1. Being farther than 15 Å from residue B:99 by Cα, within 13 Å of DNA strand F (Cβ to nearest atom) and among the hydroxyl-bearing types (Ser, Thr, Tyr) is the filter here; which residues of region B:25-68 pass it?
2. Write out, first by first residue and then by second, each pair whose Cβ atoms fall under 7 Å of each other, whose residues are 6+ apart or on separate chains, and whose first residue, in region B:33-62, is within 14 Å of chain A (Cβ to nearest Cβ) while the second is assigned to a helix (DSSP H, G or I) and within 14 Å of DNA strand E (Cβ to nearest atom).
3. Which of the residues belonging to region B:133-142 are over 15 Å from residue B:73 (Cβ atoms) and either at the interface with chain A (Cβ under 9 Å from one of its Cβ atoms) or hydrophobic (A, V, I, L, M, F, W, C) (or both)?
4. How many residues, within region C:84-106, are aliphatic (A, V, I, L, M) and farther than 17 Å from residue D:98 by Cβ?
5. Could you grab me the full set of residues in region A:155-173 that are under 16 Å from residue B:149 (Cβ atoms) and either modelled with pLDDT of 90 or more or within 7 Å of chain B (Cβ to nearest Cβ) (or both)?
6. Condition check: within 9 Å of chain A (Cβ to nearest Cβ) and either at pLDDT below 70 or in contact with a helix residue (DSSP H, G or I) (Cβ under 9 Å, 6 or more places away or on another chain) (or both). Does residue B:110 satisfy that?
7. In the set A:22, A:74, A:2, which member is outside the structural domain of residue A:159 (by TED's automatic domain parsing), surrounded by fewer than 16 Cβ atoms within 10 Å (Cβ to Cβ), within 22 Å of residue A:121 (Cβ to Cβ) and more than 15 Å from DNA strand F (Cβ to nearest atom)?
4 protein chains.
Amino acid sequence: MKEYRNKEVLIFQSAWELFSEKGFHDTTISEIAKKTGIGKGTVYEYFKSKEELVQKMIIFNLENAHEESVCSIKGIESPEEKLRIIGKIDIDRGMDILKTMKILQMIDDFDKVNMKNNVFEILNKRFIMIEGVIQEGMEKNIFNVDKSINGTVLYIGTMNNAMMVRNFTEERFVDMDNILEFIITKLKG
Amino acid sequence: MKEYRNKEVLIFQSAWELFSEKGFHDTTISEIAKKTGIGKGTVYEYFKSKEELVQKMIIFNLENAHEESVCSIKGIESPEEKLRIIGKIDIDRGMDILKTMKILQMIDDFDKVNMKNNVFEILNKRFIMIEGVIQEGMEKNIFNVDKSINGTVLYIGTMNNAMMVRNFTEERFVDMDNILEFIITKLKG
Amino acid sequence: MKEYRNKEVLIFQSAWELFSEKGFHDTTISEIAKKTGIGKGTVYEYFKSKEELVQKMIIFNLENAHEESVCSIKGIESPEEKLRIIGKIDIDRGMDILKTMKILQMIDDFDKVNMKNNVFEILNKRFIMIEGVIQEGMEKNIFNVDKSINGTVLYIGTMNNAMMVRNFTEERFVDMDNILEFIITKLKG
Amino acid sequence: MKEYRNKEVLIFQSAWELFSEKGFHDTTISEIAKKTGIGKGTVYEYFKSKEELVQKMIIFNLENAHEESVCSIKGIESPEEKLRIIGKIDIDRGMDILKTMKILQMIDDFDKVNMKNNVFEILNKRFIMIEGVIQEGMEKNIFNVDKSINGTVLYIGTMNNAMMVRNFTEERFVDMDNILEFIITKLKG
DNA sequence: AATGAATGAGGGTTCATTCAT
DNA sequence: AATGAATGAACCCTCATTCAT
């Protein structure tokens, strides 16, 4: 994984909070700088443009989240247990993933090539990791789905959607742990 | 359902295409007016602001889509068949729903009260309609889920996610009809 | 000659005064707008960019000046008299030509193709007009130069330089009328 | 002539190339430092500001050019020959003089007092040197002009203008040696 | 009702200059 | 003496909104 300069990461953190709260267009470079405690021009010492900043920030966040998932299932045997662990992390970081998707939506008219080559590559890594776990579960006759891709979209979609509903309603009547077990049951069933 | 003036609907159509293609901030009122074939000032005869336009447009679209779903399952007995019909419509209009979500993401820093009272209300109607079908299926012992909300987020999430994946990859290797049957199987299982 | 919109010409006039006084980079669009008595955004209704404004302004000025010269020698027989008339106009508008050259200098790293196709084309017209007069004078044995181009650079260069010296020194010890007669004498000699 | 520190001259050389290629405003201190192979801050060890740098650079260049002209005509008797030698040097360094004028144009909104006292003083020296040669030629009945200043603006103007035309057209159809002889003929005639 | 010329607040970006090392 | 990271003033340009016609 790429090495990041100290201040770069600080900028990521401020930008992250502001972007996910107010959106891409309604967050100004000035605000990011102020929140980081640096001058406006300094942001441009680290990023060529606002667009580059948000792209690199997303990559940074996605890479970190993916890294965490990958590490956490190392040495685990059972595919079911793997999925459960990944799910717990997703729940803990749940808001982050939703926010990333939200910010991603806002920039999908950016230079598509960069999107494909950078951001999408990592989203894909995550997709493939989960598909791998489900595939493994199918081979071990633990999961029962006709195609691994179907199980994957079921897992990711249900998790994201549940979190979105929880987020939208603001009331916490959506029990994420219960949802996770429900998904696993369905994948097994 | 609210009555719409002729030109209002024309504006919705232009705005819809532009917003979903270029995003909220990158679409200008000028462009919308031009595409509609009217003057820039005329847009302001129908909508107080760009914000009001996009909110009303989303409501218009969601209401239409919801209406279509509701009508199409009238007179259908089997909950499984109901879900299949709703699913087919969702697939046909699939891109529309994704685009609505995308536009919604972009404006969620708008006046929250309006969001709650207007847009969310309709999203909620749809959620409730599907939850109703699943509840009905549970009572008739056709669907087997512990809570109707879990089945609902599974249905909506998996559908949306599958469409998003299909959309992102651009290749059409995601077979939506297969996904739909997969979801129904899982809800039954 | 191109038709100009009313406000376009007003902008040219303000811009002209500011550019020639303070230079291209040190004149802001805000200042031009203020001097014209219009809003900043209005300038951009007429010109796509500051660069386009200055280019069109130069073309406007050069065309006007050229037009005046061409008209004024219509019906004049003697090449000597033609040159004298052109010279008088040049002296009257002397500062304008210098200022145009000065502004031209400032923008010569602009899109060279446009430069060549637009601005240079008009400068060239003027060069050719004067060369034509000198050529005619050579044929009528009034002017005595080996090549018409030499006479042309002598006329234009001496006039410009004399005006520049007069301009630099600010004292008016350079007598332009005397210079003009001197040039004609030399061309005849 | 003022003594210059080693690095000062190196900065002059980089700045000269960049200013004449890209203009004053489009050349950054960073670029100058980089081209010189020193740090940005170092430039400010030698010059208080960008403005001071360009002024001192112009003075340095003009002094050098003037020095060369003055030396080259030492010991020459004939005023005609003197002018021919100065002309040859001007042709060799021709682009330099034009570039200096160009840069000068760009900075004439600088502190006028400094302009007058420094830059103009040297331009004036050159003017006076040439005027002196022409005056001498008039006294020896070699040159035939009514006022020495007229001959001077004819010489300088025609040379500069011919070089500018040569520069603009990019084709080399302007024969500078021929122009020089033409000027001398006219001054004699 | 319909228009589009006019507006100016606001944001991204640049770059001369400073200063701690 | 030398450096380059940090700064923020300043400017070009966009575009939602207004209003006279």
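The values are calculated or read from the model by the stated rules, or taken from the named source; none is laboratory data. Keep in mind the model is a prediction, meaning the values are calculated, not measured. Backbone-built Cβ (ideal geometry, glycine too); neighbour counts: all protein chains shown.
1. Listed by number, the residues that qualify are B:28, B:30, B:42, B:44, B:46, B:49.
2. B:50/B:29
3. Within region B:133-142, B:138 is the sole residue that qualifies.
4. 6
5. Pass one, region A:155-173, residues under 16 Å from residue B:149 (Cβ atoms): A:157-173.
A:157, A:158, A:159, A:160, A:161, A:162, A:165, A:168, listed by residue number.
6. Numbers: within 9 Å of chain A (Cβ to nearest Cβ): no; either at pLDDT below 70 or in contact with a helix residue (DSSP H, G or I) (Cβ under 9 Å, 6 or more places away or on another chain) (or both): yes.
Answer is no for this residue.
7. A:2 is the lone residue from the list that is outside the structural domain of residue A:159 (by TED's automatic domain parsing), surrounded by fewer than 16 Cβ atoms within 10 Å (Cβ to Cβ), within 22 Å of residue A:121 (Cβ to Cβ) and more than 15 Å from DNA strand F (Cβ to nearest atom).
Per-residue answers, yes or no, for (1) at pLDDT 95 or above; (2) more than 21 Å from residue A:160 (Cβ to Cβ):
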residue	(1), (2)
B:83	yes, no
B:90	no, no
B:114	no, yes
B:120	no, no
B:123	no, no
B:133	yes, yes
